[in-house]
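Undergrad: I am attaching a structure below and will ask some questions about it afterwards.
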Amino acid sequence: MPFATLGLRAELCRAVAARGYANPTPIQQQAVPVVLAGQDVLAAAQTGTGKTAGFALPMLQRLADSGRPLRPRTVRALILTPTRELAAQVGDSVSAYGGELRLKSAVVFGGVGFNPQVTALARGLDVLTATPGRLLDHLQQGTVSLDAVEILVLDEADRMLDMGFIRDMRRILARVPSDRQTLLFSATFSQEIRDLAGQFLRRPVEIDVAPRNTTVERISQEAYAVDKTRKRELLSWLVGSNNWRQVLVFARTKHGANRLAEQLEKDGLRSAAIHGNKSQGARTRALEGFKSGDLRVLVATDIAARGLDIDQLPLVVNHDLPQVPADYVHRIGRTGRAGRDGRAISLVAPDEIGLLRSIERLINLRITPQVLPGYEPSAGAASMVSPEPRRGGDRRPAAPADQQRRRPRRRRPQGGGLSSATTR
């Protein structure tokens, strides 16, 4: 089914084709006609399913078709996102898709200069993509008005609730006309999301292309049992021996992300960390270096990584399992996007087995940890592991046989790291 069959203008179809997409994904097939018809939408779709185009394409067409003139400091369509990275990426997509329609768009978020954003807002915008905090700053300063908003999009609404933005969202929505079209996109249909939809949407069309709390089917999921003190050592060996060139690693805390990135650097692996305490410039440089291949490993916390869209990311590693099982679904959704295959690996310490079991119950899938020779966990953890991978099941990393024979049981690497992980 080509995009033109969804009723999209030729300019939008050309823009989609220029980005390498031939056929719409299921969320796009269902959402685009509904949005074009002007109806509210409550949509659940996993990350990587193409939901940004699902709302951006028909939104841009409706704006172009109505042709209402811009007024200074007003906005015709508002997209709210939970994080800076997601705002930037959604803004890039809006700009790329709407290039031929000559619609004006901009992105505002914190951590960068305020005055350039004031200048962009002063002319009036067809589309504004924003994070709640910085948008409220502009509203309080009187540099933007929302009284002309025709279309409101709440993207990653479940994460905005998780991050405590509900009060900010209410303050913003109080400034938006009640006769707007509202599109709410979420990874899942939790009760909180349904309650939110009941308050802000009018008779929405419900679209659910992903069963609740399931993981993308094309992602292979594996786990390795290892003592907590040897996780970094095992991670270094896995990256180096398999010559992985692009690995997104999740750490639980900001301090842990910094420490892990520094240790991986000492092991000879170009690495950087991104988290909420990093400046926006540092986060942007780290992400660009990772996308370009200058960095092999990007260590991220959950909040910083939400919304990261890295084309064809092959691998996600959970250095620390998340405390909230649903975050596991969001984490591994960074790979296996847009119908591509992906791989997710979790390093599981004996005291994390309860977290792993909670994740298994959520996704309805058994993930039995394996053990790599030389990295066996301490005594007493035997019940959590499978000494050999099941045939036809989870895969062990394909390390060269000579490296496997050389690998003795040892506590910590000497001299700053593992020799097998020093390939740049």
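Undergrad: Excluding residues on the same chain fewer than 8 positions from Lys228, give the aspartates and glutamates whose Cα lies under 13 Å from its Cα.
TA: The qualifying aspartates and glutamates are Asp320, Asp351, Glu352, Glu376.
Undergrad: Please list, in order along segment 120-126, the HN-Hα scalar couplings obtained from phi with the Karplus expression 6.51 cos²θ - 1.76 cosθ + 1.60 (θ = phi - 60°), rounded to whole Hz, x for Gly and Pro.
TA: Couplings: 5, 6, 4, 7, x, 9, 6 Hz.
Undergrad: Compute the orientation-averaged projected area for segment 37-100 from the convex hull of its Cα atoms and round it to one decimal in nm².
TA: 5.5 nm²
Undergrad: Calculate I(q)/I(0) for segment 3-208 by the Debye formula, one identical point scatterer on each C-alpha and no solvent, and give its log10 at q = 0.10, 0.18 Å⁻¹ to two decimals.
TA: These q points yield log10 I(q)/I(0) values of -0.37, -1.33.
Undergrad: Suppose a student asked you for the relative contact order of segment 21-170, using Cα pairs under 8 Å spaced at least 6 residues apart; what percent would you report?
TA: The normalised contact order for segment 21-170 reaches 28 percent.
Undergrad: Sequence-distant or interchain residues sharing an amide H contact under 5 Å with Thr74, placed H: which?
TA: Here Gly124, Leu125, Ser145 satisfy the definition.
Undergrad: If you don't mind, there's one more thing I want to ask. Report, by chain and number, residues whose modeled amide H sits under 5 Å from the one on Asp227, excluding near sequence neighbours (fewer than 5 apart, same chain).
TA: The answer is Ser378.
Where a number appears in this text, it was derived from the coordinates with a stated rule and is not lab data. From a predicted model like this one, the values you see are computed outputs, not experimental measurements.
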